[in-house]
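What follows is one structure encoded as structure tokens, with my remarks underneath.
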Amino acid sequence: MIVRIAEIEVYPEYLSEYLAYASEVDRLSVEREPGVICLFPMQDPADSCQIRILEIYANDAVYQAHLKTDHFQKYKQGTLHMVKNLNLKTMDPLDKEMMKAIFGKMR
């Protein structure tokens with residue numbers, strides 16, 4: 001399992017356009033890619049240009065395949081000029097079994 005937090009700062013003049021791209025790629029990835037467990041975008045209420053995306057993939061092969069999809073490439077190429085800063089942090093879950101319970105409650 002791969003868990004990442006993408007920390008993204010968007011230029012203010014591109015914010016609404018960026019949010020549309022991000023919403024589309026996150027929705028399509030979860031719908032079309034079985035190993036994409038979660039792509040959950042969030043916006044800082046104190047600074048709307050600060051975006052965080054919780055990303056959870058079944059394994060590295062799923063992540064690598066995700067990077068090659070048409071919808072991800074459309075997002076990546078379409079937003080390159082919109083992103084001021086990008087930091088990807090790979091995280092280690094403290095309790096992988098609890099993650100199953102958390103996501104099970106969403107059903």
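What follows draws every value from the coordinates through simple rules; no lab data is involved. Not measured: the values here are computed from a predicted model. Neighbour counts run over all protein chains shown; Cβ positions are idealised from the backbone, glycine included.
If R0 is taken as 41 Å, the Cβ-Cβ distance between H81 and M1 corresponds to a FRET efficiency of 0.80. Sorted on the mean count of surrounding Cβ atoms within 10 Å across their residues, most packed first, peptides 58-67, 85-94, 28-37 read 28-37, 58-67, 85-94. Under 18 Å from a point placed 7 Å out from the Cα of L54 along the Cα-to-Cβ direction: which residues of the stretch 1-15 have their backbone N that close? From the stretch 1-15, the list is 1-8.
In this calculation the C-beta distance from A65 to E13 is compared with R0 = 41 Å, giving a FRET efficiency of 0.80.
Stretched out straight at 0.36 nm per residue, the stretch from Q43 to K89 would grow longer than its current Cα-Cα span by 14.9 nm. Here the contact order of the stretch 2-104, divided by its residue count and restricted to Cα pairs under 8 Å and six or more residues apart, works out to 43 percent.
Taking only the alpha-carbon positions of the chain and ignoring solvent, what does the Debye formula give for the base-10 log of I(q)/I(0) at q = 0.14 Å⁻¹? One equal scatterer on each Cα of the chain leads to -0.57.
Annotated for the chain: lysine pairs at least 8 residues apart or interchain, Cα distance under 24 Å, count 9. The residues packed around L28, meaning those with a beta-carbon under 12 Å from its beta-carbon, carry a net charge of -2 if Lys and Arg are +1 and Asp and Glu are -1.
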